[in-house]
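Working notes, beginning with the structure itself.
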Amino acid sequence: MTIALGTALALLVLWWALRFLPAGAEGHLPLPYLIALIPFLWIPALLLAVVAVVLGCWPLAVAAVALAVIVALRVPLYRLSLRGTSRETKRETYCETHPEASDTTARGHDEHPDAPITVMTLNCRFGRADADAIMDAVRAHDVDVLALQELTADLVGALDAAGIRDVLPHRQLGEDRPTDNGGFNGLWTRFAPVVAASSSAQIPAADVPMIVASPTRNGCPGNAPDAAIAFASAHTKSPMRGCRAWSQGIVGLGRLALQRATVVLGDLNCGIDHPSFRKLLAAGFRDASMSALRKPMVSFPSWLAWPRIELDHVLISGGIDAERVETLTIHGSDHLATVAALRIR
């Protein structure tokens, strides 16, 4: 029995150690799924500890408890990752090269230039998310930028019928392709775009639409509130649709951090334990939930209060700070919506 317990504990340690693989090496089934479940390894570790105590195997009991504590407290990895990705990228303002940007306005932000920007992201589950529920959340939280994934033409039409253009009049959609994973991506914003593109990153997944906008029109050029910010809606492939493409898509989003102050919102199908995600953070992004809450935000599945895993993210780069992050239930989606309040330095 002691040998069996020791073997089981060794397997748990090896499972936990998968988080330290090189980025891309986890791009083989079933590794992405095993790594996603690492936060729950404290459960079998505690069970092993209880059995070891009953059998009087005290060294194994202590080792199992130590593993459970390390897993439950998420040490040392995500705190190291948070410190390691706090560097700022060069911020480029639209006003520096386009003087006409002074005409860009945003309702509410001209009167209150120090107000945070509220962003929201949601995976719409093959277009089944309820358009009225989405709009209720947008209005209740005074959302400035909405990013949706797994869109369908029918859902876009339902959002129009629900009055999205009255609240968020500007939009950019990705192209609807048969190779998309569950649907296409889209962005809606109350900020008038200075640049917009249906695809901002060439990754093996759905198009990553982007809108570049300046939240206010005052003090141009050079003041932080007037710097143009790039907002992108992304959905990397799920591992079951191709593990290598899943890893390449996550890492490939990193090039967006090199261009300007950027906010990437979406279902990235990964968490802080995945090496590919940490490589994305190392490119210059910070995770809003870790910045604001010092812990990952779990968002899937929506119908379970526990356990949930980390899939959806708000990533920030440049002089952007996260003040608040929360999740919401949206009828029809299997993901929780993630809402974040962001402030421009």
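In the range 173-195, what count of residues is obtained for those that are open to solvent by 40 Å² or more (accessible area, probe 1.4 Å) and within 20 Å of T118 (Cβ to Cβ)?
Total meeting the criteria: 1.
Restricting the first residue to the range 47-69 and requiring it to be β-branched (V, I, T), which pairs with a second residue that is part of a helix (DSSP H, G or I) meet a Cβ separation below 6 Å and a spacing of at least six or different chains?
V53/A61; V65/A49
Does I272 count as modelled with pLDDT of 95 or more, within 12 Å of the chain's Cα centre (by Cα) and not polar (S, T, N, Q)?
no
Is at least one residue of the range 281-296 out of contact with any helix residue (DSSP H, G or I) (no Cβ under 9 Å at 6 or more places or on another chain) and open to solvent by 30 Å² or more (accessible area, probe 1.4 Å)?
Yes.
Let me spell it out: the conditions are (1) free of Cβ contacts under 8 Å to residues at least 12 places away in the same chain; (2) touching a Leu at 6+ places or on another chain (Cβ under 7 Å), and A322 meets all of them except one. Which number is the exception?
(1)
Here are D132, D142: which of them is surrounded by fewer than 18 Cβ atoms within 10 Å (Cβ to Cβ), in a loop (DSSP other than H, G, I, E, B) and at pLDDT 95 or above?
D142
Which members of the range 258-291 meet the condition of being farther than 13 Å from D312 by Cβ, in a strand (DSSP E or B) and among the charged types (D, E, K, R)?
Answer for the range 258-291, where residues must be farther than 13 Å from D312 by Cβ, in a strand (DSSP E or B) and among the charged types (D, E, K, R): just R286.
With the structure loaded, tell me whether A162 is among the aliphatic types (A, V, I, L, M) and within 19 Å of the chain's Cα centre (by Cα) or whether it fails that test.
It is false that A162 is among the aliphatic types (A, V, I, L, M) and within 19 Å of the chain's Cα centre (by Cα).
Tally up the residues in the range 248-273 that are under 16 Å from A36 (Cβ atoms) and either open to solvent by 10 Å² or more (accessible area, probe 1.4 Å) or touching a Cys at 6+ places or on another chain (Cβ under 6 Å) (or both), please.
2
May I ask you to say which residue of A25, A10 is surrounded by fewer than 17 Cβ atoms within 10 Å (Cβ to Cβ), assigned to a loop (DSSP other than H, G, I, E, B) and among the hydrophobic types (A, V, I, L, M, F, W, C)?
Details: A10 fails: assigned to a loop (DSSP other than H, G, I, E, B).
When all the criteria are applied, what remains is A25.
Let me spell it out: the conditions are (1) touching a Phe, Trp or Tyr at 6+ places or on another chain (Cβ under 8 Å); (2) in contact (Cβ under 8 Å) with a residue 40 or more places away in the chain, and G254 meets all of them except one. Which number is the exception?
(2)
Can you confirm whether A147 is assigned to a strand (DSSP E or B) and open to solvent by 40 Å² or more (accessible area, probe 1.4 Å)?
Against the criterion (assigned to a strand (DSSP E or B) and open to solvent by 40 Å² or more (accessible area, probe 1.4 Å)), A147 does not qualify.
So, in the range 230-244, exactly how many residues are of a type in the set (A, V, I, L, M, F, W, C) and open to solvent by 20 Å² or more (accessible area, probe 1.4 Å)?
Final tally of qualifying residues: 1.
For residues that are more than 16 Å from L311 (Cβ to Cβ) and touching a strand residue (DSSP E or B) at 6+ places or on another chain (Cβ under 9 Å), scanning just the range 243-259, find the one that is modelled with the highest pLDDT.
Here the residue is L256.
The values are calculated or read from the model by the stated rules, or taken from the named source; none is laboratory data. These figures come from a predicted structure and were not determined experimentally. As a convention, Cβ positions derive from the backbone with ideal geometry for all residues, glycine included, and neighbour counts pool all protein chains shown. These area figures cover heavy atoms from the full protein model, side chains too; ligands, DNA and RNA do not enter into them. Shrake-Rupley method; radii C 1.70, N 1.55, O 1.52, S 1.80 Å.
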